[in-house]
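Okay, so here's the structure we're looking at.
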Amino acid sequence: MLRYTFRRLLLALPVLVGISVIAFFMVRLVPGDTVTALLGAHYSEAEAAALRQKYELDRPLVVQYFVWLGHVLSGDLGVSAFTGEPVLGTIVSRLAVTVQLVVISIGFAVLVAVPLGVMAAVGRGGRTDFVATVFGLLGISVPGFWLGVLFILLFSLYLGWLPSGGFVSLVDDPVANLRHMAMPGLALGMAVAAVVMRMTRGAMLDVLGEDYVRMARAKGVPRRRLIIRHALRNALIPVVTVTGIQAGYLLGGSIVIEQVFSLPGIGLLALQAITNRDYALLQGTVLFVAVAFVLINLLVDLIYARLDPRIEY
Amino acid sequence: MREAWHRLGRNPLALGGLTVIAAFLVCAAGAPFIAPYDPYAMSEGSMLRPPGPEHWLGADQFGRDILSRVVHGARISLRVGLIAVGIALSAGTLLGVIAGYFGRWIDQLVSRLFEVVFAFPDILLALVIMAILGPSTTNVMIAIGIVYTPIFGRIARGSTLAVRNATYVEAARSMGVGHGMIMARHVLPNITAPMIIQTTLSFAFAILAEAALSFLGLGVEPDAPSWGIMLSEGRNWMQHGWWIAVFPGLAITLAVLSFNVVGDGLRDALDPRLRGRGDVP
């Protein structure tokens with residue numbers, strides 16, 4: 001397992017280098033620069049030159065990349081030109097919101113999708129299967145941000161049950177935190193629930209057709225035990241993988257939901273960085289999200305290898 | 001292939017999806033004739049007018065007719081979908097077939113490139129590309145096209161790997177047929193089925209992505225009647241009128257749902273392995 005982990009890490013290295021190249025050079029292609037964004041419309045060339053020197057923007061691009069990479073490897077993602085705060089600190093301070101959003105979405109998705117997918121597969125062609133199919137199709141088709149708007153209309157404006165936006169820390173007030181995160185979590189989790197449900201249904205149908213399930217049935221294993229102990233346990237392996245990959249995608253998907261509910265997470269941070277043309281912040285956020293995505297995928301691969309004994313280390 | 005189309009024709013859900021897509025296409029093509037009002041025309045007397053006989057889907061904060069804007073929005077969404085998917089399909093197929101056919105370092109290079117692009121969440125990558133290019137309909141098409149290129153590339157590469165050593169390819173090679181001709185005449189026709197399925201499903205992704213980018217203010221031109229922009233404006237005015245946000249979202253959902261349903265139908269029709277799976281205990 002250790003060798004497998006090491007090999008997967010080695011394979012991830014070129015991807016991580018590629019991510020750093022894209023994150024750096026792509027952000028540099030954004031028109032205008034931090035200096036002009038900071039100084040506004042009226043500034044002297046001397047002021048601009050001084051700021052460019054301060055942020056090392058006057059050096060050749062390739063040199064800037066290696067200087068930046070050196071800083072990144074030592075844990076320094078630079079300083080936001082707008083707030084003057086360290087980028088890594090800003091990202092970490094926003095991370096809790098996005099992570100909580102992702103956890104609620106995944107939790108909701110698994111709680112709804114796995115039982116529904118199992119019931120749909122077991123009752124294939126029946127009423128539950130039809131309901132599950134409709135749910136699966138609607139889930140992947142309804143835009144999360146529209147669902148969020150509908151939730152606000154219903155639960156905030158008409159019923160007045162939940163706040164329409166903003167964030168309260170879990171530590172400060174757990175109940176208020178849950179009230180603020182319930183709607184964004186559900187809106188973001190619906191698409192994941194649909195994907196996981198479709199995967200569970202498909203995996204269960206595959207497993208239910210296997211010889212060992214037929215054998216267990218022939219031996220008189222009770223139906224409930226057959227489904228849960230023999231079929232679901234094996235069907236869950238690909239489901240775990242898909243759920244993990246979805247967690248990575250949610251990091252990006254949260255941008256729009258955070259905007260709908262004014263949640264101060266990583267997504268909203270990236271959007272603010274784009275609006276303010278804050279190079280360091282945008283680079284840091286893009287890099288952070290992409291690296292997190294690769295690491296989540298790596299973790300999913302390792303979990304998969306651990307769960308499935310057929311994978312050779 | 002004919003049998004597959006016949007199978008698709010017997011799928012009522014897919015047929016329903018195709019009908020809705022056809023209706024959207026008619027709306028897009030004939031928007032100026034179908035829409036009851038000019039989608040840009042403001043009217044002080046109609047501001048925030050709820051749905052009624054004069055404005056079937058109501059009017060927005062500037063008194064613009066929502067039905068007319070939704071009908072014109074179909075034009076933007078379908079055009080963005082068509083061209084963005086066209087870009088992704090062309091670039092992805094080209095890269096994927098070359099990588100799968102030649103293998104070795106070309107395959108390694110292209111595959112790593114795809115992996116790197118895949119590492120960026122699609123909306124984030126599209127957002128950064130839009131920040132570089134600036135908000136416009138053309139740029140949205142380019143951004144979405146770039147983001148979805150690796151999806152097509154990966155499928156094309158995998159399918160090419162499966163056929164590159166087939167007897168008919170070996171035979172063509174031994175007869176001295178050039179690589180370009182082999183890829184065009186022998187590889188491409190044999191990888192069309194998965195590409196058709198992915199194209200249909202990608203239309204749904206592209207429509208969603210355009211709406212999301214426009215919703216965030218980095219999509220099409222700010223005054224364009226895009227469903228995403230309408231939804232974003234509707235969110236700001238929803239305490240004054242639910243209809244401003246509800247109908248554009250409904251249009252997005254209906255369009256995306258139709259493409260997903262047709263995509264699923266095509267997959268069932270073209271991939272026989274997916275039928276008849278499993279036994280119910």
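The values are calculated or read from the model by the stated rules, or taken from the named source; none is laboratory data. Please read all numbers here as calculations on a predicted model, not as lab measurements. Positions of Cβ are backbone-derived with ideal geometry, glycine not excepted, and every protein chain shown enters the neighbour counts. The accessibility values were calculated without ligands, DNA or RNA, using every heavy atom of the protein model including side chains. Shrake-Rupley method; radii C 1.70, N 1.55, O 1.52, S 1.80 Å.
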**Item:** Radius 11 Å from Cβ of residue A:281, net charge of other residues (Lys, Arg +1; Asp, Glu -1)
**Value:** 0
**Request:** With +1 on each Lys and Arg Cβ and -1 on each Asp and Glu Cβ, and nothing else charged, work out how big the dipole of chain B is about its Cα centre, in Debye to the nearest 20.
**Result:** 1080 debye
**Fill in**
If unit charges are put on Cβ atoms (+1 for Lys and Arg, -1 for Asp and Glu) and the dipole of the range B:78-271 is taken about its Cα centre, the option from B:253, B:109, B:208 lying farthest towards the positive end turns out to be B:109
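Can you run the Rg to Rh ratio on the protein assembly as shown? Use alpha carbon positions and the Kirkwood inverse-distance Rh.
0.98
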**Complete:** When chain A is treated as a Gaussian network with springs between alpha carbons less than 10 Å apart, the largest mean-square fluctuation among A:20, A:44, A:164 is found at A:44
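May I ask for the accessible area buried between chains B and A, both sides summed, probe 1.4 Å, to the nearest 100 Å²?
Values: alone 14400 and 17160 Å², together 27080 Å².
The buried area between B and A, both sides summed, comes to about 4500 Å².
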**Prompt:** If the viscosity is 0.692 mPa s and the temperature 37 °C, what translational diffusion coefficient in µm²/s does Stokes-Einstein give for chain B when Rh comes from Kirkwood over Cα pairs?
**Reply:** 159 µm²/s
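Can you name the helices of chain A, as whole DSSP H runs, whose Cα span along the helix axis is 24 Å or more and whose Kyte-Doolittle mean is not below 0.5? Mind showing how you got there, number by number?
Numbers: long enough: A:2-28 (39 Å, 1.47); A:87-122 (50 Å, 2.18); A:174-208 (44 Å, 1.01); A:233-260 (39 Å, 1.03); A:279-307 (41 Å, 1.88).
Helix filter hits for chain A: A:2-28, A:87-122, A:174-208, A:233-260, A:279-307.
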**Request:** Report the Stokes-Einstein translational diffusion coefficient (µm² s⁻¹, integer) for the range A:95-264, Rh taken as the Kirkwood radius over Cα pairs, at 4 °C with viscosity 1.567 mPa s.
**Result:** 76 µm²/s
**Prompt:** Can you pull the mean other chain C-beta count within 10 Å for peptide B:110-120?
**Reply:** 6
**Item:** Partner chain coverage, peptide A:132-143 - average Cβ within 10 angstrom
**Value:** 5
**Item:** Percent RCO, i.e. relative contact order, over chain B, from Cα pairs under 8 Å lying at least 6 residues apart
**Value:** 25 percent
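Select from chain B the helices, each a whole stretch of DSSP H, whose alpha-carbon atoms run 18 Å or more along the helix axis and whose Kyte-Doolittle mean is at least 0.5; answer none if there are none.
Numbers: long enough: B:12-29 (25 Å, 2.18); B:66-102 (52 Å, 1.48); B:104-118 (21 Å, 0.61); B:137-163 (38 Å, 1.07); B:192-215 (34 Å, 1.40); B:243-270 (40 Å, 1.34).
The qualifying helices are B:12-29, B:66-102, B:104-118, B:137-163, B:192-215, B:243-270.
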**Request:** Obtain the nm distance between the two label points defined at residue B:10 and residue B:105 by a simple spin-label model: each point lies 7 Å from its Cα along the Cα-to-C-beta direction.
**Result:** 5.2 nm
**Request:** Starting from the residue with the highest accessible area, list A:158, B:40, A:249 in decreasing order, probe 1.4 Å.
**Result:** A:158, B:40, A:249
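Explain nothing, just the number: relative contact order of the range A:95-264, from Cα pairs under 8 Å at least 6 residues apart, as a whole percent. Don't skip to the answer; put the middle values down first.
Values: 205 pairs, mean separation 61.4, N = 170.
After rounding, I find 36 percent.
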**Fill in**
Charge dipole of the protein assembly as shown built from unit charges on the beta carbon (Lys, Arg +1; Asp, Glu -1), centred at mean Cα; most positive-end Cα among A:218, A:120, A:101 is A:218
**Complete:** For the pair residue B:184 and residue A:172, the simple spin-label estimate (label points 7 Å beyond Cα toward Cβ) gives in nm 6.5 nm
**Fill in**
Residues whose built amide H sits under 5 Å from the amide H of residue A:162, excluding neighbours closer than 5 in sequence, are A:156
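Explain nothing, just the number: dipole magnitude of the range A:95-264 about its Cα centre with +1 on each Lys and Arg Cβ and -1 on each Asp and Glu Cβ, in debye rounded to the nearest 20. Before the final figure, lay out each step's value.
On the way: 13 positive and 7 negative charges, 210 e Å.
About 1000 debye.
Only Cα pairs under 8 Å and at least 6 apart count here; give the relative contact order of chain A as a rounded whole percent. Show your work: numbers first, answer last.
Numbers: 363 pairs, mean separation 84.3, N = 313.
Value for chain A: 27 percent.
Over 22 Å, how big is the tail of the calculated P(r) for the range A:1-92, in percent of all Cα pairs? Mind showing how you got there, number by number?
Details: 1711 of 4186 pairs.
Here the long-distance tail beyond 22 Å is 41 percent of all Cα pairs in the range A:1-92.
Using only the Cα atoms of chain A, construct the convex hull and provide its projected area averaged over every direction, in square nanometres to one decimal.
For chain A, the mean projected area of the Cα convex hull comes to 21.0 nm².
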**Choice from A:43, A:55, A:65 showing the highest fluctuation, given a GNM over chain A with Cα pairs closer than 10 Å** = A:43
**Asked** With each pseudo-label sitting 7 Å past Cα toward Cβ, what's the residue A:73-residue B:240 distance in nm, one decimal?
**Response** 5.6 nm
**Message:** What number does the range B:58-176 give for Rg over Rh if you use C-alpha atoms and the Kirkwood radius?
**Reply:** 1.19
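Grab the other residues whose beta carbon is less than 15 angstrom from that of residue B:196, score K and R as +1, D and E as -1, and report the net.
Numbers: positive: B:2, B:7, B:267; negative: B:3, B:264, B:268, B:271.
Spelling it out: positives minus negatives among the neighbours equals -1.
Once you average over the residues of B:196-208, how many Cβ atoms of partner chains fall within 10 Å of each Cβ?
On the way: counts 0, 0, 0, 0, 0, 1, 0, 0, 2, 1, 0, 2, 9.
Taking the mean over all residues of the peptide, I get 1.
Between residue A:262 and residue A:54, what is the FRET efficiency for a Förster distance of 22 Å, r being their Cβ-Cβ separation, to the nearest 0.05?
On the way: r = 33 Å, r/R0 = 1.49.
Calculated value: 0.10.
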**Net charge dipole size for the protein assembly as shown [Lys, Arg +1 and Asp, Glu -1 on Cβ; Debye, nearest 20]** = 2600 debye
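How do the peptides B:221-228, A:219-226 rank, highest first, by the average count of neighbouring beta carbon atoms within 10 Å per residue?
Working: B:221-228: 21.5, A:219-226: 11.2.
Ranked by mean Cβ neighbours within 10 Å, highest first: B:221-228, A:219-226.
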**Prompt:** GNM on chain B, C-alpha springs below 10 Å: top fluctuator among B:47, B:238, B:181?
**Reply:** B:181
**Prompt:** Using the beta-carbon distance between residue A:127 and residue A:245 and R0 = 30 Å, what value does 1/(1 + (r/R0)^6) give for FRET efficiency, to the nearest 0.05?
**Reply:** 0.45
